[in-house]
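Worksheet for the structure shown next.
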Amino acid sequence: MSNLDDINLKGSLLLKNPKNCFLADPFVIEENNENFIFVEEYSFKSKKGLISVYKVSKEKSERIGVAVEEDFHLSFPFIFKYENSYFMVPETKEKNEIRLYECEEFPLKWKFKKTIFSSISATDTMIFEHNEIWWMLTTFSNCGRFNDSELHVFYSNEGPITKNWKGLSQNPVIIDPEFGRNGGIYFNKNKIYRVAQSFGFNTYGKKISIREIIKLDQNNYSEIELKSIEPNFLKDLIGIHHLHSNNKYTVHDFCRKKFKFLN
């Protein structure tokens, strides 16, 4: 995705939900010229999510297995590379931690590496390198009904596998249920585009906002909205709250209205 105008979700290849489950929060990773989607797979039976993996091409997709499963809920499987190893920082809000998992054998074998924040209620954490500094963008949950509206920025000069993250004095850099919660990210031509989720009245995932980060240093953070995407690209949609791109594939989720008629 080299241009925002290239985003056209109408022709997307749809992943079929597994039985009694739904899929959300997809991230796409290219490895050895193949592309893999890591995604939250929420089970209505167990009432929690795990992280599963799909192998995808332009013609088809297939579920190849489970990457990470715990006895608590997992979602938002953000993945980054550090010193030639892949690391995942899934949402582990139910555990009140921000946890790192390291890949032992791509794409399905992962091990718990470290808790980098504890006693914290945080959602949808993203970690990346920019200007030789490692950055963490995460949303704190402590604001009542719209309890995922505070975006916080942390940085590390020691790499990402550390507990020594420093927060910007500006934190929270955003307090807004429209834009405070992360919904993905992508990088293109040295630019960083953060995707923000937007809450509507009684609606989770009213739309997404694609926002360019125009200032990111140890003292300041700022961003501007470039484009918003509403759930009108397929029939009967009522929500979208996530988008990610590796500049070869763009992945997103959506919520569709379904009616169940009772006899």
Quiz item: Restricting attention to segment 230-244, and to residues there that are modelled with pLDDT of 95 or more and not in a loop (DSSP other than H, G, I, E, B), which single residue is surrounded by the most Cβ atoms within 10 Å (Cβ to Cβ)?
Solution: HIS244
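Could you identify the single residue in ILE185, ILE116 that is β-branched (Val, Ile, Thr) and either more than 21 Å from PRO26 (Cβ to Cβ) or out of contact with any strand residue (DSSP E or B) (no Cβ under 9 Å at 6 or more places or on another chain) (or both)? Spell out how you get there, then give the answer.
Details: ILE185 fails: either more than 21 Å from PRO26 (Cβ to Cβ) or out of contact with any strand residue (DSSP E or B) (no Cβ under 9 Å at 6 or more places or on another chain) (or both).
Of the residues listed, the single one that is β-branched (Val, Ile, Thr) and either more than 21 Å from PRO26 (Cβ to Cβ) or out of contact with any strand residue (DSSP E or B) (no Cβ under 9 Å at 6 or more places or on another chain) (or both) is ILE116.
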Self-check item: Conditions (1) among the acidic types (Asp, Glu); (2) surrounded by 16 or more Cβ atoms within 10 Å (Cβ to Cβ); (3) under 23 Å from LYS55 (Cβ atoms); number of the one not met by GLU97
Solution: (3)
Quiz item: Which numbered condition trips up LEU15, out of (1) closer than 22 Å to TYR249 by Cα; (2) not in a loop (DSSP other than H, G, I, E, B)?
Solution: (2)
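Would you kindly identify the strands (runs of 3 or more DSSP E) lying entirely within segment 63-145 that contain at least 2 residues that are out of contact with any helix residue (DSSP H, G or I) (no Cβ under 8 Å at 6 or more places or on another chain) and of a type in the set (S, T, N, Q)?
Numbers: elements: 75-82, 85-92, 97-105, 109-118, 122-130, 133-140.
In segment 63-145, the matching strands (runs of 3 or more DSSP E) lie at 85-92, 109-118, 133-140.
Tell me which residues, restricted to segment 25-47, are surrounded by fewer than 18 Cβ atoms within 10 Å (Cβ to Cβ) and either within 19 Å of the chain's Cα centre (by Cα) or closer than 14 Å to MET88 by Cβ (or both). Spell out how you get there, then give the answer.
So the first thing to find is which residues in segment 25-47 are surrounded by fewer than 18 Cβ atoms within 10 Å (Cβ to Cβ), and the list is 30-34, 43-47.
Of everything in segment 25-47, those that are surrounded by fewer than 18 Cβ atoms within 10 Å (Cβ to Cβ) and either within 19 Å of the chain's Cα centre (by Cα) or closer than 14 Å to MET88 by Cβ (or both) turn out to be GLU30, GLU31, SER43.
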Quiz item: Considering only segment 100-139, how many residues are buried (at least 22 other Cβ atoms within 10 Å of the Cβ) and β-branched (Val, Ile, Thr)?
Solution: 5
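Please find, within segment 73-82, the residue that is farthest from PHE187 (Cα to Cα) out of those that are of a type outside the set (A, V, I, L, M) and in contact (Cβ under 8 Å) with a residue 24 or more places away in the chain. Step through it out loud before you land on a result.
First, pick out the residues of segment 73-82 that are of a type outside the set (A, V, I, L, M): 73, 75-78, 80-82.
Then keep just the ones that are in contact (Cβ under 8 Å) with a residue 24 or more places away in the chain; that gives 73, 75-78, 80, 82.
Working: HIS73: 28, SER75: 21, PHE76: 18, PRO77: 17, PHE78: 14, PHE80: 12, TYR82: 16 Å.
Ranking the candidates gives HIS73 first.
So that you can scan it fast, the table gives a plain yes or no per residue for (1) free of Cβ contacts under 8 Å to residues at least 24 places away in the same chain; (2) surrounded by 14 or more Cβ atoms within 10 Å (Cβ to Cβ):
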{"site": "GLY159", "(1), (2)": "no, no"}
{"site": "TRP165", "(1), (2)": "no, yes"}
{"site": "GLN170", "(1), (2)": "no, no"}
{"site": "ASP176", "(1), (2)": "no, yes"}
{"site": "LYS191", "(1), (2)": "yes, no"}
{"site": "GLN197", "(1), (2)": "no, yes"}
{"site": "LYS207", "(1), (2)": "no, yes"}
{"site": "ASN219", "(1), (2)": "no, no"}
{"site": "ILE224", "(1), (2)": "yes, no"}
Quiz item: Just wondering, is there one or more residues in segment 64-73 that are closer than 14 Å to LEU15 by Cα and β-branched (Val, Ile, Thr)?
Solution: yes
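Here is a list: GLU102, GLU40, GLU91, GLU59. Which entry is farther than 26 Å from SER228 by Cβ and at pLDDT 95 or above? Working first, answer last.
Numbers: GLU40 fails: farther than 26 Å from SER228 by Cβ; GLU91 fails: farther than 26 Å from SER228 by Cβ; GLU59 fails: at pLDDT 95 or above.
Exactly one residue qualifies, and that residue is GLU102.
The values are calculated or read from the model by the stated rules, or taken from the named source; none is laboratory data. Note that the structure is a prediction, hence the values are computed from the model and not measured. Cβ atoms come from the backbone with ideal geometry, glycine included; neighbour counts cover every protein chain shown.
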